[in-house]
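The structure under discussion appears below in the form of structure tokens.
The values are calculated or read from the model by the stated rules, or taken from the named source; none is laboratory data. All of these numbers come straight from a predicted model, not from anything done at the bench. Cβ sites come from the backbone with ideal geometry, for glycine too, and all protein chains shown count toward neighbours.
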Amino acid sequence: MDILTQTKTGFTSIIKSFFRKKRYRIGIYGPPNAGKTTLANRITLDWTGENIGAVSEIPHETRRAHRQSDICITDSRGHTVIIDIVDTPGVTTKIDYKEFLEYGITKDEAILRAREATEGVAEAMHWLREDIDGVIYMMDSTQDPFMQVNIMMIGIIESRKLPVVIVANKIDLPDAVPQRIRGAFPQHPVIPVSSIEGKNVEDLYDNMVRTFR
């Protein structure tokens, strides 16, 4: 290869690199049954037309992190951000196989699910410490935000200086009080939504673009 060809090739590579948009790996974290997979499905359906995972009332239905790449989100002003969504298992301080027995699952299956969920949480925490660029943290707005797991996770996210948007989910339910979550974590944006009905997701998208780009 002559010098002129090398120069052109190098220049082309620089131009491509300059115009290539950065992708951000965004993890959806939160306690079990906060609605993480429902939100992940809402985001991926809205912007790619695909689901990312199965939803169930059984806790820890998501027992391994699921990833959807190259999601281009546009806000109301036309600004965009390209993200990879990582839907993670519900984080909790303890997973007891007896939780699953209440849903008619056999003891052997419950023990297997508990083991897989424990491994999944460990994997999710590894991702948070090593491979995540930002966090959507899910909370159920019908529950007390001062749960031990919420305090612990927000502390870890802040210690890593990761950008975070807190989602106060399930505002479609009559006992939802998203204001409690705002009061508990005033240092971060808190967006009340109903993932299952799609209420207020446009506001969430605007905040995601503002926070993660």
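Descriptive notes on the structure:
- For the stretch 190-213, a tally of residues being without any contact (Cβ under 8 Å) to a residue 40 or more places away in the chain and either among the polar types (S, T, N, Q) or surrounded by fewer than 18 Cβ atoms within 10 Å (Cβ to Cβ) (or both) returns 5.
- Extreme residue, modelled with the lowest pLDDT, among residues of the stretch 64-98 that are charged (D, E, K, R) and within 21 Å of N41 (Cβ to Cβ): R64
- Condition check for D46: of a type outside the set (S, T, N, Q), out of contact with any strand residue (DSSP E or B) (no Cβ under 6 Å at 6 or more places or on another chain) and modelled with pLDDT of 90 or more: yes
- Screening V167, V209 for residues that are in a helix (DSSP H, G or I), under 26 Å from W47 (Cα atoms), of a type in the set (V, I, T) and within 16 Å of the chain's Cα centre (by Cα) leaves exactly one candidate, V209.
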